[in-house]
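A short worksheet on the structure shown next.
The numbers here are math on the coordinates, done by the rules we state, and not lab data. Since the structure is predicted, the reported quantities are computational estimates derived from the model, not experimental observations. In this analysis, Cβ positions are derived from the backbone assuming ideal geometry, glycine residues included, and neighbour counts consider all displayed protein chains.
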Amino acid sequence: MEEPNKFWKSVAKELHFEKWSDKGLEYNFDHQKGEVFVKFMEGAKTNMAYNCLERNIQKGLGSKIAYIWEGNEPGDQMTITYQELLEQVSKFAEVLRTKGVKKGDVVAIYLPMTIELPIAMLACARIGAIHSVVFAGFSSDALANRIHQAKAKILITADGFYRGHKAIDLKTLADKAFSICHDQGHDIDSVIMVEHLKRIRTPQGAIPPEVKINKKTDSLWNKEMEAASSKNLQTSKIEWNDSEDPLFILYTSGSTGTPKGLVHTTTGYMTYAYEAAKKIFDSKPDDVFWCTADIGWITGHTFGVYGALLNGMTSMLFEGVPNYPDASRMWQLVEKYKVSKLYTSPTAVRSLMDCPTEMVTDYSRDTLKILGVVGEPINRPAWRWLHKVVGGEKCAIVDTYWQTETGGPMLTPLPGATPTKPGSATMPFFGVDPVLVDDQGVAKKGQIDGNLCFARAWPGMARTIWGDHARFIKTYFSTFPGLYFTGDGARRDQDSYYWVGGRVDDKLNVSGHLLSTSEIECVLTHHPTVQEAAVVAAPHPSKGQVPYAFVVLKQSRTLTADLIHEIKQEVRNKIGPFAAPEVVHGACGLPKTRSGKITRRILRIIAEGDHKANLGDTSTLIDEQVIAHLWETRPDVQ
Ligand code: ATP
Ligand code: MG
C-alpha cells in the first residue's frame with residue numbers, strides 16, 4: 001500500500017470525531033535516533049463509547065440487539081439492544097463519576113463474561129477513565145499485581161460465577177487481592193460488586209460461594225445504578241478524549257515470562273479495531289458474531305467488544321465453557337443463535353476435534369460463513385477439521401496472527417479474497433509492512449526463514465508498557481533498531497505467504513541443524529494417536545541440543561515402547577533423522593496459560609531436568625498441578 005496514512009484517515013472518516021485532525025501516523029522506531037513513539041491523528045477529539053453507541057443509534061440501530069448473553073447453564077439467557085446498552089453505560093458512567101473517578105484514572109475490572117463487563121468498559125471510555133480488565137480466571141496474586149502496578153483506585157467485580165460444575169468465588173479472590181495490595185502499601189478506595197449468583201442457575205452439585213461485604217468499601221452494582229437512575233438522566237456527559245489519551249491497559253498472556261501491561265490509546269486503536277472487524281469478518285447487518293475469547297484477552301477487547309460494536313454487529317457473550325454440559329455445547333449455540341461468524345482458538349479446536357463427529361454434525365451449522373482462529377499456530381489437522389467438519393467445506397477460514405501489543409491482526413486472509421493455505425496466516429493486513437530479518441538484523445527478500453518484524457507503524461499498536469517505557473523499548477525495539485520485533489519467527493514462501501512458527505526462542509540447534517520446534521510438533525500432531533504435542537530443546541553433551549517431545553495421547557491410548565518408536569520414526573521420515581525427538585514424554589496434559597497457550601518455558605525446565613530452576617510467574621497458568629505430574633512422569637532416558 002503506497003499511502004497507509006491516507007488510507008487510515010479515510011477509515012477514520014467513517015467514525016465520529018468531535019474535532020478532526022489532519023495529522024496521520026507519526027512515529028519513530030529507532031531508539032538510536034531519539035525517543036520511540038507512535039501517534040495517530042494527534043489533536044483530534046473523539047470518544048470510543050459514543051462511536052460504539054450513539055453513532056449507531058443515530059443510524060437507526062437503537063432497537064438492534066447488541067449482545068446475546070448465554071450463561072453457563074443452558075437456558076440462562078438474555079439480550080440487550082444498542083439503546084438499552086447506551087442507557088446502562090450512561091448510568092454506570094455516572095456511578096463512576098459519583099465514586100470520584102476522573103479522566104485518566106485507572107479502573108480495574110474483574111468480571112466474568114456478563115453484560116456488566118462491556119458496560120463497565122464502555123462507561124470508562126465514556127468518561128475518559130482507563131480500564132484494566134483482569135481475566136476472571138486469574139488468582140488473587142495476579143489480580144493484586146495488576147491492581148498495584150496500575151494504581152487502580154476502584155474495582156468492579158461480581159460475587160461469583162460457575163464454569164461448568166466449578167464454582168468460582170470471585171469476590172473472595174478479590175478480597176484476598178486487596179489484602180495483598182494493602183501489604184504492598186496500596187489500598188483500593190471502592191469496590192462495586194455485581195450480584196450475579198442470585199440471577200443465574202446453580203449447576204447440579206455446585207455449592208454457591210459465600211460472599212463477604214466490607215461496608216467501608218463495597219457497594220452493589222444494582223443499588224448504584226438505581227441511585228444513578230433517580231437523577232433522571234437521559235445520557236451522561238461525554239468526555240471528548242484526545243486521540244492519544246489512553247483507552248485501556250491490558251496484560252499479555254504471560255506465555256514467555258512476566259506479563260506486560262500494554263497501553264492502547266483512543267483513535268488509533270478505534271480505527272484499527274473498526275476496520276479489522278469489518279474486513280476480516282466481512283461484517284454484515286444480519287450477522288451474529290461469536291468471538292469465543294474471554295473479554296479479558298485482547299481478542300475479546302478488539303472483537304468481542306470494540307470491533308463488533310463499532311460495526312453495529314450483534315454479538316454473543318458466552319459465560320460457560322465449550323465442554324459443559326457436554327462437548328457439543330458450542331455447536332448447540334451456533335444452531336440456537338444462528339451464528340454466522342465464529343472466532344475461536346486452535347486450543348479450543350484441538351480439544352473439540354477429539355470428540356465423535358456427531359457432536360458437531362447433529363447441529364445445524366448452515367448459518368456459518370466465516371471461521372476465524374487466533375492465538376497460536378494452527379496445525380494442519382486442526383485447520384482441516386475446522387474446515388471440513390465444522391464448516392462443511394463452505395466457510396472461509398481466517399487464521400489471524402497478532403499480539404496484545406498489535407491491537408488487531410497483522411497477518412490475515414481477507415475472506416473470499418485471499419486463497420488460504422492451511423497453517424498460514426497468509427498476508428499482511430492493510431498498511432502492515434512485515435519484514436523478515438536474520439539474526440544480524442538484515443532484511444531478506446524472497447523465500448526466507450527469519451525474525452518477524454514490522455517496519456512501519458500502524459494505528460492500532462500499543463504505545464507503551466504502563467509505567468515502564470524502557471521495558472517497552474527494550475522488548476520490542478532494541479533487538480533490531482528501527483524495527484518493531486514481534487519475538488516470533490516466520491517463513492515467507494514462494495507465493496509471499498507468511499507461516500508463523502512460534503517464538504524465536506523456540507528454535508533448537510541439533511548438531512548444527514537449525515530446527516523450529518513447531519515443525520516437529522506439526523509432524524507429531526499428525527500422528528493418529530496424538531492429541532497435542534509440544535517440543536522444546538534439551539541440552540545434549542555431544543549434539544548441543546536435542547528435541548524433547550511432550551505428547552498428550554488421545555483418550556484410551558497408552559504410550560508403549562512401540563508407539564514411542566513409531567512416533568520417532570515418523571519425524572525421521574517426514575523431516576530427517578536429526579529432528580527425531582531424543583525423548584518422548586507421555587503427558588496427561590500440558591501447562592497452559594489461562595488463554596490456552598502452551599508455556600514452553602516451563603517445559604524447557606522440565607526437559608532440562610533442573611528441579612531447582614525458577615519457574616517464573618506461574619499465576620497465569622490454568623493448572624499448576626500439571627507441572628508436578630510432568631516431573632513425576634519424566635522419563636530418565638530412552
Ligand atoms: P507473553 O507476551 O506474555 O509471553 P503471549 O505472547 O502469549 O504472552 P498474546 O499477546 O496473547 O500473549 O499472544 C501473542 C502471541 O501469540 C504471538 O506473539 C504469537 O506467538 C502467538 N500467535 C497469535 N496468533 C497466532 C497465529 N495465528 N499463528 C501463530 N502464532 C500466533
Ligand atoms: Mg507476547
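Label separation (residue 102 vs residue 622): 4.4 nm, computed from points 7 Å beyond Cα along the C-beta direction.
Per residue, the chain reaches -8000 deg cm²/dmol at 222 nm when only DSSP H runs of four or more residues are counted, each adding -39500 (n - 2.57). On full extension, the segment bounded by residue 473 and residue 195 gains 95.9 nm, given 0.36 nm per residue less the C-alpha separation.
Could you tally the net charge around residue 238, taking each other residue with its Cβ under 15 Å from the Cβ of residue 238, Lys/Arg +1 and Asp/Glu -1? Residues close to residue 238 contribute a combined charge of +2.
For the chain, relative contact order (Cα pairs under 8 Å, six or more residues apart, normalised by length) works out to 12 percent.
Stretching residue 223 away from residue 63 to a fully extended chain increases their span by 55.0 nm, per 0.36 nm per residue minus the current alpha-carbon distance. Scaling the Cα radius of gyration of the stretch 446-572 by the globular reference 2.2 N^0.38 Å produces a ratio of 1.34. Taking 18 Å as the limit for the C-alpha separation, the pairs 23/237; 341/388; 153/216; 64/91 exceed it in the case of 23/237; 64/91.
If a/c stays under 1.5 just call it rounded; otherwise compare a/b with b/c (prolate if a/b is bigger, oblate if not). Do that for the stretch 176-320, with a ≥ b ≥ c from the square roots of the Cα gyration tensor eigenvalues. It is rounded, given that a/c, with a ≥ b ≥ c, falls under 1.5. Each DSSP beta bridge with both residues in the chain is either parallel or antiparallel, and the antiparallel ones are about 60%.
Any idea what the relative contact order of the stretch 465-583 is, in percent, if you count C-alpha pairs under 8 Å spaced at least 6 apart? Over the stretch 465-583, the number comes to 17 percent.
Using alpha carbons only, how many angstrom separate the centre of the stretch 550-611 from the centre of the stretch 166-203? Going from one Cα centre to the other spans 38 Å.
Computed from backbone phi with θ = phi - 60° and the Karplus coefficients 6.51, -1.76 and 1.60, the 3J(HN,Hα) list for the stretch 48-61 is 4, 5, 4, 5, 7, 10, 3, 4, 6, 5, 4, 8, x, 9 Hz; x is used for glycine and proline. Once you have a ≥ b ≥ c as the square roots of the Cα gyration tensor eigenvalues for the stretch 401-488, tell me rounded if a/c is under 1.5, and otherwise prolate or oblate according to whether a/b is larger than b/c. Judged from the Cα gyration tensor, the stretch 401-488 comes out oblate (a/c at least 1.5, b/c at or above a/b). Whats the longest run of the chain with zero GluC sites (Glu not before Pro) that are DSSP loop and have at most 11 other Cβ atoms within 10 Å? No qualifying site falls inside 394-638, the longest such stretch.
Two tests apply to each whole DSSP H helix in the chain, Cα reach of 30 Å or more along its axis and mean Kyte-Doolittle hydropathy of at least 0.0, and none passes both. Hey, if you put +1 on the Cβ of every Lys and Arg and -1 on every Asp and Glu Cβ in the chain, which of 327, 12, 457 ends up farthest toward the positive end of that dipole? The residue sitting most towards the positive pole is 12. One decimal place: the segment residue 166-residue 636 gains 165.6 nm when fully extended, by the rule 0.36 nm per residue minus the C-alpha distance. For the stretch 446-596, the number of Lys pairs with C-alpha atoms closer than 30 Å, counting only pairs eight or more positions apart or on separate chains, is 15. Only Cα sites of the chain enter the Debye sum here, all with the same form factor; the resulting log10 I(q)/I(0) across q = 0.07 1/Å is -0.43, listed in q order. Using the empirical formula 2.2 N^0.38 Å as the baseline, the Cα radius of gyration of the stretch 234-284 reaches a ratio of 1.52.
Can you list the trypsin sites (Lys or Arg not before Pro) in the stretch 543-638 that are in a DSSP coil and have 10 or fewer other beta carbons within 10 angstrom?
The qualifying sites are 612.
Taking amide H atoms as placed 1.01 Å from N in the peptide plane, the amide H of residue 489 lies under 5 Å from those of 452, 501, 502, 503, 504, each 5 or more residues away in sequence or on another chain.
Would you please classify the overall shape of the stretch 315-403 from the alpha carbon gyration tensor, given that a ≥ b ≥ c denote the square roots of the eigenvalues, rounded means a/c under 1.5, and beyond that prolate means a/b larger than b/c while oblate covers the rest?
Numbers: a/c = 1.27, a/b = 1.26, b/c = 1.01.
Cα axes put the stretch 315-403 in the rounded bin.
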